Structure formats: structure tokens, C-alpha cells
Amino acid sequence: MPIALEFPQWAQILFIILGGACVGSFLNVVIIRLPRNRSIVAPRSRTFPWRSPIPWHRNIPIWSYVVSLGRCLQSGLHYSPRYLIVEVLTPLLFLAIYMVHGWTMETLVYAIFTSCLIAGSFIDLDLRILPDSLTLGAWAVALLMALFQAQGYPLNIWQAVFGSIVGYASFWILSRGYFWLTGDEGLGGGDVKLMGFIGAVLGIEGVLITVLVGSLTGAVVGLILMGIFRKGRRFPIPFGPFLAAGALVSVLELDLFSYWLVI
């Protein structure tokens, strides 16, 4: 469904890039504060370690990081490059979604979905957890949007419910099977809940694509990292980012498997 307000294409692209950079800046706040049970609204961002408020012009996404060379101007300490990565990655993904789905409400829905995936992925990379406040909260909102037939939502309530069941149940069975065979918790509960959320947005087909792409990329990256660090199969690797990558393949309608067959 097209968005009511129409703009020239150049203005649409500019809006998506600037808006995506601002969303990325906010996601950095979510990534830091949400798993630590801190408010994502207040207080405003502060310097480290003196905790004094950061001036507004030092909160401009991407630009402020580049100008300061990734350093706190008061202490000289370097910020994590993750701040810049998230602020660049978010608008790039938003733009890719726009290129596929156009200036539509579907693009807005998928942009919100992608924001949740980005936040979850980087939290998982940092702390090896996926907070319930993110996975279950986003899952509940997704089902409510399907129930009330929100504009641009890709599924009806039954498709969302069945997708949730398939996504959650498949990974729960997989996690229990892995535990039964190895005695280790190879997949965390956060991954299972994330799959329930993904199923509520992408449906059964999206779940299948997510599992296939996530498993393949996770296995390849895992083998590479185990070779580099010379670790055994118990080398812990967060799986959330791979599930997010698989979900994005579905959102962007990338027919990777046909491409590989041609190659």
C-alpha cells in the first residue's frame, strides 16, 4: 500500500537515508541500555567517564563520529566502532528495503522489523543474549498488528500465528534435540523466541528461508572462526545475527539459492 504523502524519488531516498541514520543512532542507545535494564529514553547521552551531557551537535549520526575520529573529546578515549557501523548499516538496509518494496507502508513495517533485528544482533554479539523485552515485546506487537490488520502488514492474523508456531516450535525442537545429543545448550531461549517473532512477520515461507540461510551462514562462519582461533565445536558463537541475516534475505526477496545453482 503506497504511503499517503508523495515526494519526488530523490526526496524519498534522502528521507530514508537521513531517517535511517537517526534510527541507527537510537538503536545504539537501545543496544547499550536495553539489556542492562536502563531506560532508552532518559537520561540523554553522556560522555565517558565523566558522565557530562553530550552537546546536541555531537549527537549528529555518522558525522559526529567521523569528525571526532571516534574519540570522546573530553577524555580522548575511543568509542567502539560499532556506533558507526550501526549508524551506517541501518540506512543502507532501509534503502535496500525501499528499492524492493517502494514508497509503501510495507517498507515502513519492514524497516521497523529490521531495526529490531539490528538491535538484537548487536546485543547478541556483545553479551550473548537476546533480551525478552526485545524478542517477546516485538513478537507481541507483531501479532497485534496482524490482528488489527495494520496498513502495510504483510500477513493476516492466522498467517502470523502459524508462522510464529512454526518458527518457535522448529527451533525449540532443534535446541532440545541438540541438548539431548550433546548435553550442551547449543541454542539459547532467545534464539527460539526470535524465531517466533520472525515467523509472526514473515510467515512460514520466511521461517524456512531464515532457517536455511541462517544455518548455512552460521555453519560456514563457525568453521572459519574455529579454524582461526583453533577452538573445538564448543566454541560459542551467537546465532542471532545469522537468523537476522536469513530474515533479511526473505525481506529483500533475494533468490540466493537460484543464484548459487546458476553459479
(request) Name the residues whose placed amide hydrogens come within less than 5 Å of the amide hydrogen of THR104, ignoring near sequence neighbours (fewer than 5 apart) on the same chain. (result) ILE3
(request) May I ask you to derive the FRET efficiency for GLU253 and LEU144 from their Cβ-Cβ distance with R0 = 25 Å, giving the value to the nearest 0.05? (result) 0.50
(request) Describe numerically, in nm with one decimal, the distance between label points set 7 Å from Cα along Cα→Cβ at VAL66 and at MET226. (result) 4.1 nm
(message) At 0.36 nm per residue, and after removing the present C-alpha to C-alpha distance, how many nm does the segment from ARG36 to ASN59 gain when stretched out fully?
(response) 6.1 nm
(request) Calculate one ³J(HN,Hα) per residue across region 190-204 by plugging θ = phi - 60° into the Karplus curve 6.51 cos²θ - 1.76 cosθ + 1.60, and present them in order as whole Hz with x for glycine and proline. (result) x, 5, 5, 5, 4, 5, x, 5, 4, x, 6, 9, 9, x, 5
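Arrange the following residues from fewest to most other Cβ atoms within 10 Å of their Cβ: MET145, MET99.
Fewest to most other Cβ atoms nearby, the residues stand as MET99, MET145.
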(message) Can you work out the Karplus-derived ³J(HN,Hα) for every residue in region 35-43? Use 6.51 cos²θ - 1.76 cosθ + 1.60 with θ = phi - 60°, whole Hz, and x for glycine or proline.
(response) x, 9, 6, 10, 4, 8, 9, 9, x
(message) If R₀ is 22 angstrom, what is the calculated FRET efficiency for the pair MET99 and LEU212, using the beta carbon separation as r and rounding to 0.05?
(response) 0.40
(request) Can you pull the one-decimal nm distance between simple spin-label points at ILE17 and TRP158, each 7 Å off the Cα toward Cβ? (result) 4.5 nm
(request) Just rank PHE197, PHE26, fewest to most, by other beta-carbon atoms within 10 angstrom. (result) PHE26, PHE197
(message) Could you work out how much longer the chain between VAL88 and SER133 gets when fully extended? Use 0.36 nm per residue separation minus the Cα distance between them, nm to one decimal.
(response) 13.7 nm
(request) Fewest Cβ neighbours within 10 Å first, please rank PHE122, PHE148 accordingly. (result) PHE148, PHE122
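Every read-out reported here was derived from the displayed coordinates using simple, explicitly stated rules and does not represent laboratory data. The shown structure was predicted, so the numbers you read here are calculated from the model rather than taken from an experiment. We place every Cβ from the backbone using ideal geometry, glycine too, and count neighbours over all the protein chains shown.
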